[in-house]
Amino acid sequence: MSKNMHVCKLSDIPVHGIMDFVIGSGERVLVANFRDKYYAYNGNCPHQGTCLAEGFFDGAVLTCSKHLWQWDITTGKPIGLAESPLEGYKVEIEGDEIYVRQANALKMAELFSDISTSTQDRLVQLTRREEYESGSVLYDLGDTTDDLYILESGRVEFELGRDDRTSAAGFILRKGEVFGWAALLEQQPVRIAKAVCVEKSALLRLNGEEAVKVLASDPASGYLVMRQLATLITRHFTSSSEK
Amino acid sequence: MTTKTLNIQVNARNRAYALDGTSNDKILNLGLSNAVDLPYECGSGTCGTCKARLISGEICDQWPEAPGRKFLKLKKGEFLMCQCAAKTDSVIEVESFVHTMEAGACVPAPLKGRISSVKLLTPDVIFLQIALQQTVDFDAGQFMLVQFPEIVGFRGWSMVNYERHAKTLDFVIKKKPGGELSEWLFNNNCDGVEVDLFGPMGNATFYSRLAKNILCIAGGSGIAGIMSILSRASQDGYFSQYNGDVFFGVRTMKDAFFLDELSVLRGECGEKLNITIALSEEAAPDDARTDYPLLTFDQGFVHEVAGRHMEDRYQNLRAYLAGPPPLVNGSIGMLLRARVTTDNIRYDKFS
């Protein structure tokens, strides 16, 4: 369990407004008020690191000033042009003080963000948190597709091809990003890329077969996960923006 | 002497691209001319959008004083792709999804031309025409990077004209007090001077299959790209079906230009096209209304004037914004409050 970090006082946040703070860990945290609730997110835009407090906030939707990415302030989910969710914190209020705590990476993952809380909690129970040193190979081409992975911290790179005929195939670096999706698919028994931690990394591992069983017991959530999975795959292989 | 071919690998979030270039090629331009849609906005060293990280190899920064460097984490090896060329085989990383351009896109390329016309439109706005050695296709609303001899760096300017297979490109340029290029252009006889260009670039484009009403808010020389959009819309008879609202902001009537051209466009396109000249520092003189009966005149900052005139007419709308940052930001705020979705707000930030 991560510890609470102090951010500010309730009275620092304008009604239906936003304010950002640099907390003790050096992270920039954006705090927003909407109705009687407070929400906290990483204060830098997941697109290009622009300071989100300089953006537009109408009390419900936050818009980054640089490229107009938008998010629902109550969930951090992307709206319109935005391609990534905001990285959220759990907010705890004690008296007039606002504290934040790191959120579980699975609960932040776009793949699982729309499903029921009870199914989310069952999946969290199934995860195993593991730490890897830089250079660790998580899986190689042709390995069995057993687990899918959710990044908590660090950085993972992918490589296609064999021997000296390899090419880089992208990388992930944001908390809540999911990879090794093939573990959720039937008839996809082997890995098609190599995954390597290129920094010290913390990951949540989730067995694909067990996850599918949980999702099968909650078909509405299962449908949402598979729909989100199709969206994620499409984003990797097709152009995402109309010109 | 042959220039050695260098291998430049661009690692993006979703895949890698292998590019063959030389030490003369800026990495952004190399990628774009290979139809790899690398991130950028100004293309000229100001906005910081094209930042990337050097993983291996060596690069040469051709403009170490570029204002966009303030957005970089230099200790992490970040650099501006629009200003840097590889010196050796290199691997770089772009922290976003990068795709290849769609079929039919106007792929940017290096071009050569010479200045064929220079004239003053107002005391501090110049009209510049460049005749190209080869024709070029571009979308209405796009811009071109232009480099002049003896002046360091490329500048980005939107085309005023619109035509397929264009042989000439028209630009308007605002004089910047003390600016090296402004002084050179305003004080020299530049006719016939050879220039290098790269483009077309920019995503604030208009095309007739858009099938939406359009709202254009421009300040000063920002009217350039809007003129191109109106030219294309007029050629396609677009305003027979859709509304067009154009707001052109200048300080005083002495700063206004293109009023004859806008009147002609209004005459060609009919009543569905409304063109309003917003004067920020004076009320419109009576003779302006007499001289330009097809144009409307109003007083105030252009985005505020636009807000008053548009009221509740934001349905099925695409907005194009062009001008200094306060105009663009003020207009964005107004459009968001009017619930215009962000995919329908188009602009290219040059700063």
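Computed from backbone phi with θ = phi - 60° and the Karplus coefficients 6.51, -1.76 and 1.60, the 3J(HN,Hα) list for region B:278-295 is 9, 9, 7, 10, 7, 6, 5, x, 4, 5, 5, 5, 5, 6, 10, x, 8, 9 Hz; x is used for glycine and proline.
Sorting A:93, B:214, B:59 by accessible area puts them as A:93, B:59, B:214; the probe is 1.4 Å, largest comes first, and only protein heavy atoms count. Here's the picture: a label point sits 7 Å out from the Cα of residue B:147 along the beta-carbon direction, and within region B:13-35 the residues with their amide nitrogen under 16 Å of it are B:21-33. The lysines whose alpha-carbon is closer than 24 Å to the alpha-carbon of residue A:90, local same-chain residues fewer than 8 away aside, are A:3, A:9, A:37, A:77, A:107, A:175. Candidate cross-link partners of residue A:66 among the aspartates and glutamates, defined by an alpha-carbon separation under 20 Å and a same-chain spacing of 8 or more, comprise A:20, A:54, A:58, A:83, A:87, A:242, B:37, B:41, B:78, B:95, B:343, B:348. Across the protein chains, with a 1.4 Å probe defining accessible surface, the residues B:70, A:200, A:175 rank B:70, A:200, A:175 from largest area downward. Put simply, the amide H of residue B:55, placed in the peptide plane, has neighbours under 5 Å in B:91, B:92, B:93, leaving out anything fewer than 5 places away on its chain. In straight-distance terms, cross-link reach from residue B:112 covers every one of the lysines whose alpha-carbon lies under 16 Å from its own, apart from those fewer than eight places away in the same chain; here that gives B:167. Across chain B, the relative contact order, built from alpha-carbon pairs under 8 Å that are at least six residues apart, equals 14 percent.
With every protein chain in place and a 1.4 angstrom probe, the accessible-area ranking of A:223, A:39, largest first, reads A:223, A:39. Cα centroid separation, region B:75-115 to region A:117-186: 30 Å. Taken over the alpha carbons of chain B as equal point scatterers, the Debye sum produces base-10 log I(q)/I(0) values at 0.08, 0.12, 0.13 Å⁻¹ of -0.40, -0.90, -1.05.
Mean silhouette area of the protein assembly as shown, derived from the convex hull of its C-alpha atoms and averaged over all directions, reads 30.2 nm². Once C-alpha pairs closer than 8 Å and six or more residues apart are averaged by separation and normalised to the residue number of chain A, the relative contact order reads 16 percent. Inter-chain neighbour count for B:15-21: the average number of beta-carbon atoms from partner chains within 10 Å of each residue's beta-carbon is 3. With a 1.4 angstrom probe, the accessible area lost at the B-A interface totals about 2700 Å².
Shape class of region A:1-57 from the alpha-carbon gyration tensor: oblate, with a/c at 1.5 or above and b/c at least as large as a/b.
Quick one: grab the alpha carbon gyration tensor of region B:208-346, order the square roots of its eigenvalues as a ≥ b ≥ c, and give me rounded if a/c is under 1.5, else prolate or oblate depending on whether a/b is larger than b/c. Here region B:208-346 falls in the oblate category.
The values are calculated or read from the model by the stated rules, or taken from the named source; none is laboratory data. The structure displayed is predicted, hence computed values, not measured ones. Every residue, glycine as well, gets a Cβ built from its backbone with ideal geometry; the counts of neighbours run over all protein chains shown. Accessible surface is based on the protein model in full, side chains and every heavy atom, while ligands, DNA and RNA are left aside. Shrake-Rupley method; radii C 1.70, N 1.55, O 1.52, S 1.80 Å.
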